[in-house]
Every structure is written in structure tokens, then in C-alpha cells.
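Presented below is the structure to which this report refers.
The values are calculated or read from the model by the stated rules, or taken from the named source; none is laboratory data. Values in this document were obtained by computation on a predicted structure and should not be read as measured data. Note that each Cβ is placed from the backbone with ideal geometry, even for glycine, and that neighbours are counted across all protein chains shown.
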Amino acid sequence: MSEITPPASAPSTPEHVLFLTGDLAEGRLRRVLESMQPLGFRATVANLGIKVAALATTEIVLRRLASTEGADLVLLPGRFRGDLDRLEAHFGTRFDRGPDEIEDLPQYFRRQARPLDLSRHDTLIFAEIVDAPRLDVEGIVARAGTLRGEGADVIDLGCLPDTAFPHLEEAIAALRAAGHAVSVDSLAPDELRRANRAGADYLLSLTEDTLDLAEEGGAVPVLIPTTPRDMDSLARAIERFSATGRRFLVDPILEPIHYGFTDSLLRYRTVRERWPDAEMLMGIGNVTELTDADTSGINAILMGVISELRIGAVLAVQVSPHCRRAVREFDVARRQFFAAREAQAMPRGFGEGLLCLRDRKPFPNAPEQIAETAAMIRDRNYRIEASRDGIHLYNRDGHHVATDPFDLFPKLELEGDVGHAFYLGVELARAQIAWQLGKRYTQDNELRWGVAVDSPREDEAAFHAMGPTRRDRGKRTP
């Protein structure tokens with residue numbers, strides 16, 4: 001299910017909205033509008049005289065819409081790919097795209113009244129290059145560029161035990177020249193000393209026994225306990241470094257599950273209670289990397305802790321294949337949770353980037369609604385939908401429901417059309433996956449996986465080529 005986002009300009013609430021629709025959706029549109037009463041604006045519905053309004057071109061709208069009936073907003077289906085500017089110039093009123101699905105209109109208008117701003121956050125992401133000593137400088141800079149594109153604010157050079165890093169200084173200089181903030185993460189005092197002298201921005205990490213390394217340069221140190229459970233040593237390090245008047249971060253160290261995880265969470269709360277103004281950092285790798293679970297959910301929960309305790313930085317690693325989207329996930333999470341906290345609300349309804357496997361409203365149409373639409377079809381083109389009872393396949397010759405696409409195969413009449421068979425195979429497989437997981441399925445569109453997969457880029461002004469179910473095929477009767 002794609003995220004429903006209102007226009008960035010957040011125009012004022014309209015007094016009269018004209019909804020453009022087609023034959024197949026008009027009944028559902030009117031029912032949804034009736035269920036939304038009271039609307040707070042006047043609603044008018046205009047049928048363009050075509051089956052699916054989303055497939056209309058700009059020219060079709062210009063020909064078939066005689067008047068905007070005094071509306072100050074004309075709302076088209078979300079999948080309309082015509083030229084809104086041209087329509088606005090012709091009719092002299094505002095045109096916009098609504099949600100992809102009619103059933104999402106209530107959420108759309110809630111967002112219109114209160115636009116969703118995900119541009120802000122208050123959490124830095126440190127992204128670690130764990131094998132930095134094994135990469136050349138060019139490779140380090142390239143990796144850093146990728147991480148920055150995923151949302152990283154600070155590039156962390158992870159040093160390796162018993163592995164020389166002779167080009168550490170050169171790597172720091174190259175990263176800073178490319179505009180990156182740099183941290184160096186090492187257990188070796190000499191590497192931290194070199195990093196500080198070379199102009200690193202942060203040092204990970206110093207204990208009470210290695211605080212003197214901070215005097216070698218201007219890097220901001222991250223203070224940790226001598227051992228994870230030794231809070232007294234952390235307290236001494238904090239008090240001692242506070243006396244210098246310099247900036248520092250505190251990391252009580254998040255431990256793996258069954259190895260002190262809960263107690264380590266409590267230590268973050270202890271730091272916040274004892275030092276209310278302390279800047280903190282949480283390294284998430286001990287949990288994400290060492291737990292066989294999808295990281296989007298884990299990172300959402302950790303972001304909840306980070307948000308409540310006002311932890312200002314996270315250290316993310318992407319070593320295990322199942323953690324390969326950790327930086328992106330935290331970038332999405334920090335924005336959604338910041339918006340929710342600013343609204344004094346639970347993190348629900350502030351974006352869907354972390355809903356990767358399932359959607360809140362996976363099946364917009366009930367089986368009886370699909371049956372009603374199927375009864376209106378007068379052509380042989382196959383439509384596919386997913387609902388709570390399974391996969392629906394229908395055209396003018398029949399309406400069939402199954403949970404396994406193979407059960408629908410005998411119902412298909414493809415007349416040896418291999419290309420169409422391939423297309424229907426792809427679409428039925430998508431529909432089955434959506435039904436099994438509880439995801440939104442829309443024919444001719446890829447499934448949406450939140451932040452787990454890059455969303456396909458679409459030009460909203462470009463008209464989509466007709467798919468095999470919509471083309472005028474010579475061997476088909478209308």
C-alpha cells in the first residue's frame with residue numbers, strides 16, 4: 001500500500017469538491033462519501049462516461065467534463081496520469097489527485113486538514129563501514145556516498161582487531177573533503193589517537209582509562225563504561241570529562257537479547273535520569289545483527305526507546321544480509337517517530353515506511369463489492385483483485401475466487417496468447433502474495449514493501465501505456 005500524501009503546499013480546505021469517476025467506481029465512491037458524513041465541504045460526483053477514470057487522458061477529461069460546477073477543487077483518482085496544470089488552466093480551478101483507492105478517501109482528507117511533515121528529526125545516524133581497513137580510500141568514499149544516500153549523517157570507520165589501517169588518515173581526509181562527518185570506531189588507543197589528530201569528528205569510544213586520548217585533537221568522544229555493567233566507571237568518565245567543558249556523547253552499550261538486553265535498556269534510562277542534558281548514542285548492532293527477525297520491526301521498537309529518552313544518535317551497522325536496510329529503516333523511523341512525538345500521539349498514521357510485510361488496510365474492497373463490480377463488466381479483459389476470501393479473477397464470462405492461482409488456470413481462456421498468459425501469471429502471483437501476507441494489491445502495479453524495497457519512481461504527469469488486459473486485441477471481441 002503506497003503512502004497517501006497530500007500536496008506539499010497544503011492548500012486551504014475546499015468548500016466544494018468535484019469528484020471525477022468512472023462507471024465501475026461510481027457506486028463505491030458515493031457510498032464512501034456517504035460514510036464520511038458530515039464532510040465539512042460540499043461534494044459533487046461527475047461520471048466521465050468511461051469505465052475507469054484513472055485511465056483517462058487529459059484530452060478525455062477536457063472533452064467529457066463540461067463544467068466544474070463551481071467547485072474549488074476537482075479531485076481525480078490517484079492513478080490519473082494526465083496534465084493537472086493544463087486542466088487547471090482550461091477550467092480555472094484547482095485539480096488534484098486523490099488516493100489510489102476510494103476507500104482511502106477518509107485518510108486523505110484527514111491529511112489535507114493536517115499535512116504530514118516527515119522532513120524533520122532530531123536523531124543523527126552514524127553508519128559504520130565495518131571493514132574499512134580492508135578497503136582502499138576510493139572504496140571507502142564510495143561506500144560512504146551510498147550510506148549518505150540511505151540517510152547516514154556520520155560515516156563511522158570501523159577498525160578491525162589485529163588489522164593494520166595504514167591509510168586511516170588519508171581516508172579521514174578524503175571523507176571530509178567529500179563533505180562527510182567522520183567517526184572512528186576502534187579498541188586500539190593508537191588508532192583513536194591517530195584519528196583525533198587527523199581531524200575525525202567523533203571517537204568511538206573512550207572509557208575512563210582512555211579519556212586522555214581526547215586531548216590529542218578536537219574530536220567529540222563517545223564515553224562508554226569500562227565493562228557494559230560498570231555504571232560507576234561511566235559516571236566517573238562523565239564527571240571527569242564534563243569538567244573540560246567540551247562536548248561528548250554517552251553510550252551505556254546496548255547488549256544482545258539474553259545477554260543483558262533488558263538491563264542495558266534500563267541503563268539508558270538511568271543515564272537520562274541522572275544526567276538529563278547528556279547527549280546519548282545507542283549502537284543497535286548487538287540486537288539487529290544478532291537476532292533472526294526482520295529489522296524493520298526491531299528498529300521501530302528501538303526507535304520508540306530512543307524517542308522517549310531523547311537519545312540523539314544511533315550507530316547502525318549493515319553486516320548480515322537481513323540487516324542491509326538498517327540505515328534506511330532508521331531514517332524512516334526517526335522522521336515518523338519525531339512527527340508522532342511532536343503531535344503527542346502514538347506512532348500510528350505518520351507514514352507507512354515501516355509496514356513492510358503487511359498493510360493496515362490490505363483489502364479495500366469486500367467480496368460483495370468485487371462481485372458487484374464484476375457483474376458490470378461487459379468485455380473479455382481479465383480483472384484481478386485480492387480480498388479477504390482470496391484472489392478474484394473476473395471478466396464478462398465469469399467471476400472466480402481461489403486462494404491458489406493454479407485453481408484459476410482452468411478458467412482462463414487465452415487462445416494461445418503466450419504474452420497474455422505470462423502477464424496473468426505475474427499478476428496472479430502478486431495477488432497471491434498480497435493475499436497471503438495481507439498486503440494491498442492493485443493490478444498492473446508492483447507490490448509496495450515500505451522501506452524494505454525502493455519504491456518504483458513514477459512520473460505522475462506521464463500517461464501509462466495500456467497493459468495487456470486493457471489493449472484492444474484483434475482476436476478479442478469487445
Subset of the stretch 443-464 that is in contact with a Ser or Thr (Cβ under 9 Å, 6 or more places away or on another chain), at pLDDT 70 or above and in a loop (DSSP other than H, G, I, E, B) - its residue that is surrounded by the most Cβ atoms within 10 Å (Cβ to Cβ) = Arg448
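Per-residue answers, yes or no, for (1) modelled with pLDDT of 95 or more; (2) touching a Gly at 6+ places or on another chain (Cβ under 8 Å); (3) not small (Gly, Ala, Ser):
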{"residue": "Thr291", "(1), (2), (3)": "yes, no, yes"}
{"residue": "Leu302", "(1), (2), (3)": "yes, no, yes"}
{"residue": "Val305", "(1), (2), (3)": "yes, no, yes"}
{"residue": "Val332", "(1), (2), (3)": "yes, yes, yes"}
{"residue": "Ala345", "(1), (2), (3)": "no, no, no"}
{"residue": "Arg348", "(1), (2), (3)": "no, no, yes"}
{"residue": "Asp379", "(1), (2), (3)": "no, no, yes"}
{"residue": "Glu385", "(1), (2), (3)": "yes, no, yes"}
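Please work out if Arg274 is under 19 Å from Thr226 (Cα atoms), crowded, with 18+ Cβ neighbours inside 10 Å and of a type in the set (Lys, Arg).
Details: under 19 Å from Thr226 (Cα atoms): yes; crowded, with 18+ Cβ neighbours inside 10 Å: no; of a type in the set (Lys, Arg): yes.
Against the criterion (under 19 Å from Thr226 (Cα atoms), crowded, with 18+ Cβ neighbours inside 10 Å and of a type in the set (Lys, Arg)), Arg274 does not qualify.
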State which residue pairs qualify: first residue assigned by TED's automatic domain parsing to the domain that holds Asn445 and assigned to a strand (DSSP E or B) and inside the stretch 378-399, second residue modelled with pLDDT of 95 or more and acidic (Asp, Glu) in any location, beta carbons under 7 Å apart, and separation of 6 or more residues or different chains.
-> Ile384/Glu427; His392/Glu385
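Looking at the structure I just gave you, is Val327 farther than 30 Å from Leu424 by Cβ, over 17 Å from the mean Cα position of the chain (by Cα) and either assigned to a strand (DSSP E or B) or aliphatic (A, V, I, L, M) (or both)?
Details: farther than 30 Å from Leu424 by Cβ: yes; over 17 Å from the mean Cα position of the chain (by Cα): no; either assigned to a strand (DSSP E or B) or aliphatic (A, V, I, L, M) (or both): yes.
Answer is no for this residue.
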First in the stretch 410-427 and among the basic types (Lys, Arg), second anywhere and buried (at least 16 other Cβ atoms within 10 Å of the Cβ) and at pLDDT 95 or above, Cβ under 7 Å, 6 or more apart | Lys411/Leu393; Lys411/His400
Check off (1) more than 31 Å from the chain's Cα centre (by Cα); (2) of a type outside the set (D, E, K, R); (3) part of a helix (DSSP H, G or I) for Pro106 and give me the number that stays unchecked.
-> (1)
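Restricting attention to the stretch 110-141, and to residues there that are in a loop (DSSP other than H, G, I, E, B) and among the polar types (S, T, N, Q), which single residue is surrounded by the most Cβ atoms within 10 Å (Cβ to Cβ)?
Step one: filter the stretch 110-141 for residues in a loop (DSSP other than H, G, I, E, B), giving 114-123, 130-131, 135-136.
From the residues that got through so far, the ones that are among the polar types (S, T, N, Q) too are 119, 123.
Working: Ser119: 9, Thr123: 22.
Among residues in the stretch 110-141 that are in a loop (DSSP other than H, G, I, E, B) and among the polar types (S, T, N, Q), the one surrounded by the most Cβ atoms within 10 Å (Cβ to Cβ) is Thr123.
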Please list, ordered by first then second residue, the pairs with beta carbon atoms under 7 Å, 6 or more apart or interchain, first in the stretch 434-447 and in the same structural domain as Tyr394 (by TED's automatic domain parsing) and over 13 Å from Leu393 (Cα atoms), second of a type in the set (Lys, Arg) and in a loop (DSSP other than H, G, I, E, B).
-> Ala434/Arg440; Leu437/Arg358; Gly438/Arg358; Lys439/Arg358; Arg440/Arg448; Leu447/Lys439
Glu415 vs. criteria modelled with pLDDT under 95, on the phi > 0 side of the Ramachandran plot, acidic (Asp, Glu) and in a loop (DSSP other than H, G, I, E, B) | yes
For the subset of the stretch 360-376 comprising residues that are buried (at least 16 other Cβ atoms within 10 Å of the Cβ) and either of a type in the set (Phe, Trp, Tyr) or touching a residue at least 60 places away in the same chain (Cβ under 8 Å) (or both), which member is farthest from Ala25 (Cα to Cα)?
-> Pro362
Of all residues in the stretch 83-101, count the ones that are part of a loop (DSSP other than H, G, I, E, B) and either over 26 Å from the mean Cα position of the chain (by Cα) or β-branched (Val, Ile, Thr) (or both).
-> 3
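Listed here are the residues, each with its yes/no results for (1) surrounded by fewer than 22 Cβ atoms within 10 Å (Cβ to Cβ); (2) touching a Phe, Trp or Tyr at 6+ places or on another chain (Cβ under 8 Å); (3) within 23 Å of Val184 (Cβ to Cβ).
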{"residue": "Ser296", "(1), (2), (3)": "no, no, no"}
{"residue": "Asn299", "(1), (2), (3)": "no, yes, no"}
{"residue": "Glu308", "(1), (2), (3)": "yes, no, no"}
{"residue": "Val317", "(1), (2), (3)": "no, no, yes"}
{"residue": "Ser320", "(1), (2), (3)": "yes, no, yes"}
{"residue": "Ala340", "(1), (2), (3)": "yes, yes, no"}
{"residue": "Arg348", "(1), (2), (3)": "yes, no, no"}
{"residue": "Arg358", "(1), (2), (3)": "yes, no, no"}
Might you let me know whether the stretch 107-117 holds any residue that is in contact with a Lys or Arg (Cβ under 9 Å, 6 or more places away or on another chain) and within 16 Å of Val317 (Cβ to Cβ)?
-> no
Checked Val319, Val305, Val314, Val287 against criteria (touching a residue at least 60 places away in the same chain (Cβ under 8 Å), over 18 Å from the mean Cα position of the chain (by Cα) and either not in a loop (DSSP other than H, G, I, E, B) or not assigned by TED's automatic domain parsing to the domain that holds Asp185 (or both)); the one match is Val314
Please work out if Gln336 is modelled with pLDDT of 95 or more, of a type in the set (S, T, N, Q) and part of a helix (DSSP H, G or I).
-> yes
